[in-house]
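Enquirer: Next up is a structure, given as structure tokens.
No value in this document is a laboratory result; all are computed from the given coordinates. Bear in mind that the values here come from a model prediction, so they are computed numbers and not experimental data. Because the Cβ atoms are built from the backbone with ideal geometry, glycine has one as well, and the counts that use them run over all protein chains shown.
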Amino acid sequence: MSFWIVFAVFLSLCLFGAVVFIMSAGVILYLTSLTNDHAHLDTKSVSQAEHTTVMKAHTRDPRVMEPLNAAKERWYARVDSGEVEPITVHSFDGLLLSGWLWKVPDAANCAVIVHGMQDSGAGMGYQAEEYHGNGWNVLVIDQRAHGESEGTKRTMGVREADDIGAWLLDLEKRLPGSRVFLHGVSMGAATVLLYGGKAKSISPLVKGIIADSSYAAYAPVFLRLIRMIFPNRVMSFALLAGADLASLVLSGIGFSRMTPKNALKSIPVPVILFHGQKDVLVPIGMVRSFLAAADSLAFEVVVIPDAPHIGAYFYAPELYMKKIIDLSGRV
């Protein structure tokens with residue numbers, strides 16, 4: 001066997017090994033980030049990237065976290081006391097989804113509040129209080145694979161958008177004739193935008209959508225996390241491809257479908273997009289992507305100075321709620 005044949009075989013084995021390594025690492029990144037059924041896969045480097053870097057900067061901001069956590073405790077107390085009504089629905093694929101309905105007698109409007117990644121409905125207690133205080137009914141949900149809802153895989157708003165449809169079918173029976181406004185934060189914002197993009201099947205109850213800190217596309221956000229672990233450009237893109245393939249194989253949803261900006265042109269109701277100027281998880285540049293994708297005068301962007309990821313409300317609560325109440329008065 002000639003030297004060149006041996007060399008070619010060796011090179012092929014090296015390339016094959018590299019591909020296997022990258023794909024395996026991509027699968028691990030997918031499992032640690034987008035599922036909740038893994039065990040002992042959260043490596044030290046992934047943990048550091050998620051919790052001790054700018055990716056989680058907003059969780060160290062007392063202006064955000066102190067009122068958020070206080071409202072969360074009040075929400076738990078309301079659940080325990082029976083002040084809010086626990087309800088469940090089944091998703092299109094058979095998952096039992098949990099939510100809580102906080103009613104106001106004779107209310108015309110209802111807010112459906114959708115939390116973000118690795119959170120639960122309780123984390124949106126602050127927003128539930130605002131709506132309820134303004135005389136609205138409030139439905140707070142746990143998204144699939146979060147909180148008390150079933151499921152193990154997160155699709156960053158894609159299948160979750162179908163779950164919103166299940167909740168709205170339930171509301172049509174519980175609160176017939178109600179004017180519903182969907183309000184999502186971070187991944188929840190992507191969920192409500194992707195639901196709104198289903199123009200032919202959107203519930204007639206829905207009159208408006210509020211999206212706070214949504215990514216225009218998830219792949220760049222995931223790549224940002226990877227590059228904090230593996231700064232090498234080629235390696236990081238290869239790992240992104242591995243995680244994308246893992247998502248497609250294991251959940252049926254590839255990263256290309258996790259793109260809320262593509263839904264904008266199909267949304268038949270007004271949209272308000274809130275974003276923090278100093279959001280480092282979902283950079284302000286993504287707002288420009290939304291603007292480029294939107295062609296409707298019913299799409300409004302509100303950028304809050306100095307606010308971090310999910311911080312728009314906490315940095316300007318009066319302006320935030322005024323924009324929402326004004327929207328409800330226009331439709």
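Enquirer: To the nearest Å, what is the center-to-center distance of region 82-129 and region 150-209, using C-alpha atoms only?
Expert: Distance between centres, Cα-based: 11 Å.
Enquirer: In terms of Cα to Cα distance under 22 Å, which lysines are near enough to K265, apart from those fewer than 8 places away along the same chain?
Expert: Leaving aside lysines fewer than 8 places away in the same chain, those within reach of K265 are K198, K200, K207, K323.
Enquirer: Taking 7 Å along the Cα-to-C-beta vector as the label spot, tell me the A70-A293 distance in nanometres, rounded to one decimal.
Expert: Reported label-point gap for A70 and A293 is 3.6 nm.
Enquirer: Return the long-range amide H neighbours of V114 (sequence gap of 5 or more, or a different chain), with a cut-off of under 5 Å between placed amide H atoms.
Expert: Here the answer is H183, G184, V185, since their amide H atoms fall under 5 Å of that of V114.
Enquirer: If you build a Gaussian network model of the chain, linking Cα atoms that sit under 10 Å apart, which residue out of V138, V112, V280 swings the most?
Expert: For the chain, modelled as a Gaussian network with Cα springs under 10 Å, the answer is V280.
Enquirer: For region 250-259, just list the computed ³J(HN,Hα) in residue order, Karplus coefficients 6.51, -1.76 and 1.60, θ = phi - 60°, integers in Hz, with x standing in for Gly and Pro.
Expert: 8, 10, x, 10, x, 4, 4, 7, 8, 9
Enquirer: If you don't mind, there's one more thing I want to ask. So, with +1 on the Cβ of K and R and -1 on the Cβ of D and E, and no other charges, what is the size of the charge dipole of the chain about its Cα centre, to the nearest 20 debye?
Expert: Here the chain has a charge dipole of around 880 debye.
Enquirer: List the residues whose amide H sits under 5 Å from the amide H of I87, counting only those 5 or more places along or on another chain, with H placed 1.01 Å from N in the peptide plane.
Expert: Hits under the 5 Å cutoff: G99, W100, L101.
Enquirer: Given a cut-off of 25 Å, what percent of all Cα-Cα pairs of the chain lie beyond it?
Expert: Cα-Cα pairs in the chain separated by more than 25 Å: 51 percent.
Enquirer: Okay, next question. Picking from N137, H90, P62, whose Cα lies most toward the positive end of the charge dipole for region 50-141 (charges on Cβ: Lys, Arg +1; Asp, Glu -1)?
Expert: P62
Enquirer: For D80 paired with N36, estimate the spin-label separation in nm (one decimal), with each label point 7 Å from Cα along the Cα-to-Cβ line.
Expert: Label-label distance for D80 and N36, simple model: 2.1 nm.
Enquirer: Could you pull out every residue, at least 5 positions away or on a different chain, whose amide H is within less than 5 Å of the one on V302? Hs are placed 1.01 Å off N in the peptide plane, and Pro or chain starts have none.
Expert: L273, F274, H275
Enquirer: Rounded to the nearest 0.05, what FRET efficiency do K200 and M321 give with R0 = 25 Å and r taken as the Cβ-Cβ distance? Could you check?
Expert: Efficiency, from the Cβ-Cβ distance: 0.20.
Enquirer: Next question, about the same structure. How far is helix 218-229 tilted off the main Cα axis of the chain, in degrees rounded to 10, range 0 to 90?
Expert: Compared with the principal axis, the helix lies near 50 degrees.
Enquirer: When the helices in the chain are scored as -39500 (n - 2.57) per DSSP H run of 4 or longer and the sum is shared across all residues, what 222 nm value do you end up with, to the nearest 500 deg cm²/dmol?
Expert: -15000 deg cm²/dmol
Enquirer: By how many nm would the segment from S24 to N134 grow when fully extended, if each residue of separation counts as 0.36 nm and the alpha-carbon distance is taken off?
Expert: Contour length minus Cα-Cα distance gives 34.6 nm.
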